[in-house]
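See structure below.
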Amino acid sequence: MGYGSGELIIRSYNAQNDRVRLEGLESICEVGPADKPFLFTDTLGDPICRIKNSPIYNMLVAELAGQLVGVIQGTIKLVTLHKPPKNVAKVGYILGLRVAPAYRRQGIGSRLVTKLEEWFVACNVDYTYMATEKDNEASYKLFVNKLGYVKFRTPAILVNPVNHHRSSQISSNFKLTKLKIKEAESLYRKYLSSTEFFPIDIGNILRNKLSLGTWVAYPKGEIWGKVPTSWAMLSVWNSGELFKLRLGNVPISCFMYTKSSQLIQKFLPCFKLPSIPDFFNPFGFYFIYGVYGEGPLYGKLVKSLCNFVHNMASSKSKDCKVIVTEIGGNDTRSKLHIPHRKSMSCSEDLWCIKSLKNEDGKRVHKLTTMPPTRTLFVDPREV
């Protein structure tokens, strides 16, 4: 395809030459529809911040007449995907696809995806997948209608705002314990190793400096080493250390209401009005992952754990404004008890998948037609 002003060059990202120009590209790509708010991502001067913790990663840029007009990122890892004996697959994850507004609808996005897929193939990747908002029509048309991806899973993204003026209640009937990394890894491998997209290098995730720890909750009076009658576990990842978010294009009325609610909460706490966090300045967030548990008290236990994470964010991180949890779309027992604000959450995110090997085509069909497992492991490195 001709691009009018020269040949389109797609190459690997060069930090020394591309960093500043890429920040400019990101800023103009974040401008959303004139009538809707949008999230602006501040990478804190590090364009690869969202992929650099993955085992293998790559960033490609599209250059036209000396100007960066597009970018895409990809990661590779080993995960559980099939049933034994061939239950481990090498998967490539696509994220951060951006094309400058003035150069859209010219095939640059599809060229970037195709080039990244070629890199995946060279690395012997079995499947590639991507995540997008359910109502992102442009993304759906590109990946599903044009590039052959198929709908795979629809996880739920639960968002809970952090109230820095009030603590969440934790039941006195439960005991919360922080696990050592080796114990947490052993527990995850025992209970979640057959879960869809469970990362084989779970130990590396738990040992990463961004992982704040793994906690379990169980009834008081019972002993953890003997497996309690009910228990729950989760881990926490500090995404705010990598990048910040900021809400843009918000009506002035919403801005004034937010400021007013914060003042009332601060000076007149007796009114107990729900405070809306300040999303207009850069803020960080905690990501909860690896949620699991068993027993009749699981719901109450996981809620206590989430309340503990809220209190930790409230007391230890001034810029942590929300806590995000992503779970399987049919994990109703967790969704019912994980604290979240419905207006800020997404009941159906969209994951799409594609086979990069001809012999795996039938497996993709089975993956997309069989009922999903209740638990879906969402890698915090890919948030």
Test: residue 139 is part of a loop (DSSP other than H, G, I, E, B) and under 27 Å from residue 321 (Cβ atoms): no
Top-ranked residue of segment 317-341 - restricted to ones that are among the basic types (Lys, Arg) and modelled with pLDDT of 90 or more, ranked as farthest from residue 162 (Cα to Cα): 333
Hits in segment 105-144 (condition: closer than 20 Å to residue 68 by Cβ, open to solvent by less than 50 Å² (accessible area, probe 1.4 Å) and not polar (S, T, N, Q)): 107, 108, 109, 112, 113, 116, 142
Of all residues making up segment 145-182, the number that are open to solvent by 30 Å² or more (accessible area, probe 1.4 Å), aliphatic (A, V, I, L, M) and not in a loop (DSSP other than H, G, I, E, B): 4
Residue 187 being surrounded by fewer than 20 Cβ atoms within 10 Å (Cβ to Cβ) and in contact with a strand residue (DSSP E or B) (Cβ under 6 Å, 6 or more places away or on another chain): no
Any hit, segment 94-108, residues being in contact (Cβ under 8 Å) with a residue 60 or more places away in the chain and touching a Ser or Thr at 6+ places or on another chain (Cβ under 8 Å): yes
Output for segment 190-203, where each listed residue is open to solvent by 80 Å² or more (accessible area, probe 1.4 Å) and either in contact with a Lys or Arg (Cβ under 6 Å, 6 or more places away or on another chain) or of a type in the set (S, T, N, Q) (or both): 194
Residue in segment 42-57 that is buried (at least 18 other Cβ atoms within 10 Å of the Cβ), touching a residue at least 60 places away in the same chain (Cβ under 8 Å) and either assigned to a strand (DSSP E or B) or among the small types (Gly, Ala, Ser) (or both) present: yes
Lone qualifier among 135, 126 - being under 21 Å from the mean Cα position of the chain (by Cα) and either at pLDDT below 95 or closer than 18 Å to residue 364 by Cβ (or both): 135
Test: residue in segment 149-164 that is of a type outside the set (A, V, I, L, M, F, W, C) and closer than 30 Å to residue 67 by Cβ: yes
Residues of segment 216-271 satisfying the condition of being at pLDDT 85 or above, among the β-branched types (Val, Ile, Thr) and open to solvent by less than 60 Å² (accessible area, probe 1.4 Å): 216, 236
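Residue by residue, here is whether (1) of a type outside the set (A, V, I, L, M); (2) modelled with pLDDT of 85 or more; (3) surrounded by fewer than 13 Cβ atoms within 10 Å (Cβ to Cβ); (4) in a helix (DSSP H, G or I) holds:
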| site | (1), (2), (3), (4) |
| --- | --- |
| 1 | no, no, yes, no |
| 6 | yes, no, yes, no |
| 18 | yes, yes, no, yes |
| 79 | no, yes, no, no |
| 83 | yes, no, yes, no |
| 94 | no, yes, no, no |
Enumeration of residues in segment 318-357 that are under 18 Å from the mean Cα position of the chain (by Cα), assigned to a strand (DSSP E or B) and not acidic (Asp, Glu): 320, 321, 322, 323, 324, 325, 327, 346, 350, 351, 352, 353
Residues that are modelled with pLDDT of 85 or more and hydroxyl-bearing (Ser, Thr, Tyr), drawn from segment 20-57: 43, 54, 57
Some residue of segment 189-199 being part of a strand (DSSP E or B) and more than 24 Å from the chain's Cα centre (by Cα): no
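The values are calculated or read from the model by the stated rules, or taken from the named source; none is laboratory data. Remember, predicted model here, so these are calculated numbers, not experimental data. Cβ sites come from the backbone with ideal geometry, for glycine too, and all protein chains shown count toward neighbours. Note: areas computed on protein heavy atoms with side chains; ligands, DNA, RNA excluded. Shrake-Rupley method; radii C 1.70, N 1.55, O 1.52, S 1.80 Å.
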